[in-house]
Each structure stands twice: as C-alpha cells, then as structure tokens.
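Undergrad: First the structure, which I've put down as structure tokens, then a few questions once you've had a look.
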Amino acid sequence: MKIEMTVNGEKRTVRTTPLARLLDVIRDDMNLKGCKEGCGEGECGACSIILNGRLVNACMVAAIQASGAEIETIEGLGEENRLDPLQQAFIDEGAVHCGFCTPGMIMAARCLLEDNAAPSRLEIKTALSGNLCRCTGYDRIVSAVSKAVSDGYRPAKSGGGRKVAPEFEGEEKENFFAPASLAEALDILAEKPDILLLSGNTDIGPEMKEGKLKPVAAMDIFTIPELKQIRRDGDVIRIGACVTNTDVMESALVRECLPALYQASCSCAAPAIRNRATIGGNCCTASGAADLPGALFALGAKARVVSKNGERVMEAPEFIKAYRKPDLQPGEILAELIIPVPPKSAYQRFFKRGSRAALTLSRVSLAVYVELEDGIVTVCRAAAGSMSPTPIRLPKLEASLVGKKLDKICIECAVDTVYNELSPRKSAQYRKNLSSNLVRRFLESLIKENEKN
C-alpha cells in the first residue's frame, strides 16, 4: 500500500501494509525516532503526535487511516541549535528527566496551546493526563508549560488534513478498503460481510498488538461523513456512529440538551484516546464497563443499523445483546444513535466512580433521567454499568419513582429498591452501597433544584 502524508510540513510517501501502526511507519519508514513506543496500548502517551490537528497515540492509528493526513512530531518543532520555545521551557524548568516520555509530553502540551493560549494549571494537567512520566516529574512539567505561556508562546494551529484513498497494491485491493461514503461502505459490506471495520481503534489496536485479533481484511470507516454528524432533526438528535468522545464534548447541542451524555464523554480516558474513541465503537464493544451506553439507555436512545438491503431501528438496550455481541447481522453497520430531545424541565445526570479520580475504568457508573410535573415523577429511566457483562436498565428503580411525589419517603423507597435490584458480579456490597448513595444524591439534588423553580 502506498500512502502520502504531510509530516512536519513536508510531503512524504511511504509503502507499508494497511494495518501497520502509524507509530511504526513514523519510526521505521520515516526514521523519526522522537515518537516512542511505551505501552503500545494507548495508555502512556509516549507515542503522542498531532494528527489532523488532534492529539493522538500513534500506536492506535492504522496506516490505512493516515493517507492524506497532516502530522506533527517532535522533530517538527525545532532543531538542535534552534529549539522551539516550548522545548526550551522544558529545559529551563528541569522538566526533562530520562527523556523517554518528553517528546509525547511536549506534543500534548503544544496541542493544548494551539487551542488554549492561557490554560490554567488544572487545564494543563488535564491535557497531559494521558502522558505518563516514569520519573514522576509532573510538577516541573506543568511548570514548564506555564512558563512557555507566560513567555508568550503561541503556536500556530495544526492543519486538518484531507481524506485521500490509499493506493492498494496486489492482493490488498481485494481485502482492504477506505470508502468515501456510507453507500460505498455498504456495497463493500454486502460482498464481504465479515470484514473488520476500523474506526477509532482504541479497542482493536491493543487486541492486534497482543495477537488476539489477526485480521486479513479491513475497511476504514472513521472519516465517512454520514457517520461523523451530530445534528438535530425535529424532535430527535442524531449522532453518527463515528462521532468521537471529543466531538460529543465539543458539541453545543449535546451540552445543552444531553448533559448526561456530555458528562459520560468527559469521564472517558485521556484526551488522545477521546480524540479517537467513537460513540458507535463504545456501543459495539458491548461491555459492562463502557461509559456511554448507560447514558444512552437513560436518555431513551435508539440504534439505527443499516445494510444495502435496508435498515433496522431498535432501543439501545436491545442493540447490546450480550458481552461483545451487538445486534448486527452480516452486512450491517451501526449508522447512528437517535435520542429524543428532552424537555427543558428534564433532569439528567451521569455518575462514575473508579479506583482513582481520572482515567479509570468504572467500578460503578449510573445514569438517571427524570421528568417531573407538579412534583410528581412522570418519566424515569435509569441504567447502571460495571455490574454485569453489559450495561443494564434498572426497571424496578424506575417503577419505584414513576407516579410518585418526589419527597423523602419516595427517595428512601428508591434507595432501597436500587440496592435490592442490583446484583453485581464482584465487590457486591461496595457497588450496591455506592449506587444507592448516588441515587440518593441525585434525587435530593433534584428536589432542591425543583424547589428553586
């Protein structure tokens, strides 16, 4: 396969295999060694680069997805005798230790400063949260970024790249595809219904690295326009399956109408992973630890799957049939999630608790949606994650609230109900107690908010 990219402002053409990691293409084919291999699973940030204006882990991107891309690596910032001011700030503040993680740290910081000229220390820490420093020098690293800001460092915004189909060669032409439209993708799926679909690769990447997944055919769908939209359509909001967590977080429509989904997206992973991980991928992985499905369940979302022969629409909980088994027939693809626009008076919240404050798999997640009329609960939908192999609705909790006046007696009934309804696989007492407390917290805050109105 031949692909053309713009790397550090220079046109580069390489020949590689479609599923080669972009990390290996950069290091081995382009001889740019600043991009390091650490964990190889998107958790350490040593391979951080800027791809089409977004921070990404190069180990999570397949070469087939980089055709036409604009890429910045640490080599593009400065030269040995003419360092970029951000690099100099790292030296001045003693933020360079063993140096292994430093290139990724600098690229993450640069990407932040391209969008935010004056970040707070908290914003700097958040932007660097996916980059591990093995020498534990975080405070000096944050100080280095702050110094660059105070010195007036203002990097130009990276380019957005463009979609260019790779030039497949030999047998690749029969097994690898980069369609430009959904219709084209469905034609390919009709002929090759079992082909691997590549989107954000945040789950598939580690599986291929570990040898658990050895695909012989694949199709890149990450940039198909019809799968990248967030739009209001009458009384529903449509979110394409390849919309990323970052896209959700940056959507004014989502923040205004679907704050529970916004909260769930914010709780997921680090910036470089959020820039790749998709809402459709989170649903198709069909894992109980996934964050977005619970919020979608509570919001009453539906999944629309399509094939060349038509489409099916189903409730989101029906789509996730079992662990890692979404309801997709051969030749079908998840096209979008359809969410009813909540009334402005609706209350919704997503909670997540893990073993640490950030970048953690949930030990408990809970999403609750409530509509009130004159203090009476008229609609309630609730869902929990990390209790069972897949996210679950909580029908008993919902039934305990609908039709009831929201008061202290009602809250105690709801708390008892959810405690008894949940049957966690592990750490049962902890998860039942925490979930009950979160339900209490949500309902008590709802009473206070309702009293204000």
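The values are calculated or read from the model by the stated rules, or taken from the named source; none is laboratory data. Being a predicted model, the structure only gives us computed values, none of them experimental. Every residue, glycine among them, receives a Cβ derived from its backbone with ideal geometry; neighbour counts consider all protein chains shown. Surface areas here come from the heavy atoms of the whole protein model, side chains and all, with no ligands, DNA or RNA. Shrake-Rupley method; radii C 1.70, N 1.55, O 1.52, S 1.80 Å.
Undergrad: Go through region 181-207 and count every residue that is surrounded by 13 or more Cβ atoms within 10 Å (Cβ to Cβ), in contact (Cβ under 8 Å) with a residue 24 or more places away in the chain, not basic (Lys, Arg) and not in a helix (DSSP H, G or I).
TA: Matching residues across region 181-207 total 9.
Undergrad: Going residue by residue through region 277-286, is there one that turns out to be closer than 21 Å to CYS380 by Cβ and open to solvent by 10 Å² or more (accessible area, probe 1.4 Å)?
TA: no
Undergrad: Next up: Can you tell me which residue among GLU93, GLU80 is surrounded by fewer than 21 Cβ atoms within 10 Å (Cβ to Cβ) and out of contact with any helix residue (DSSP H, G or I) (no Cβ under 7 Å at 6 or more places or on another chain)?
TA: Values: GLU93 fails: out of contact with any helix residue (DSSP H, G or I) (no Cβ under 7 Å at 6 or more places or on another chain).
The conditions single out GLU80.
Undergrad: OK, next. Check region 132-154 and report whether any residue there is surrounded by fewer than 16 Cβ atoms within 10 Å (Cβ to Cβ) and of a type in the set (A, V, I, L, M).
TA: Checked against the condition, which is being surrounded by fewer than 16 Cβ atoms within 10 Å (Cβ to Cβ) and of a type in the set (A, V, I, L, M), region 132-154 yields no hits at all.
Undergrad: Hey, can you tell me all the residues within region 236-267 that are part of a helix (DSSP H, G or I), of a type in the set (Gly, Ala, Ser) and under 12 Å from the mean Cα position of the chain (by Cα)?
TA: ALA264, SER265, listed by residue number.
Undergrad: Sort through ALA165, ALA127 and tell me the only one that's of a type in the set (Gly, Ala, Ser) and open to solvent by less than 20 Å² (accessible area, probe 1.4 Å). Let's see the steps before the verdict.
TA: Values: ALA165 fails: open to solvent by less than 20 Å² (accessible area, probe 1.4 Å).
The conditions single out ALA127.
Undergrad: What pairs come out if I take residues in region 218-237 that are in contact (Cβ under 8 Å) with a residue 40 or more places away in the chain and pair them with residues that are part of a strand (DSSP E or B) and β-branched (Val, Ile, Thr) whose C-beta lies under 7 Å away, six or more apart or interchain?
TA: Pairs that qualify, where the first residue is in contact (Cβ under 8 Å) with a residue 40 or more places away in the chain and the partner is part of a strand (DSSP E or B) and β-branched (Val, Ile, Thr), are VAL236/ILE338; VAL236/ILE339; ILE237/ILE339.
Undergrad: Follow-up question, since we're still on this one. So which residues in region 305-330 are open to solvent by less than 50 Å² (accessible area, probe 1.4 Å) and either basic (Lys, Arg) or part of a loop (DSSP other than H, G, I, E, B) (or both)?
TA: Correct list: ASP327 only.
Undergrad: Further question on the same structure: Give ALA241, ALA218, ALA252 a once-over and let me know the one that is within 17 Å of VAL341 (Cβ to Cβ) and aliphatic (A, V, I, L, M).
TA: Step by step, each of ALA241, ALA218, ALA252 is checked, and only ALA252 is within 17 Å of VAL341 (Cβ to Cβ) and aliphatic (A, V, I, L, M).
Undergrad: Right, next: Going residue by residue through region 340-350, is there one that turns out to be over 20 Å from the mean Cα position of the chain (by Cα), polar (S, T, N, Q) and modelled with pLDDT under 95?
TA: The answer is yes; a qualifying residue exists.
Undergrad: Counting only residues that are out of contact with any His (no Cβ under 9 Å at 6 or more places or on another chain), touching a residue at least 60 places away in the same chain (Cβ under 8 Å) and open to solvent by 10 Å² or more (accessible area, probe 1.4 Å), give me the helices (runs of 4 or more DSSP H) lying completely in region 360-453 with at least 1 of them.
TA: Here the list reads 428-452.
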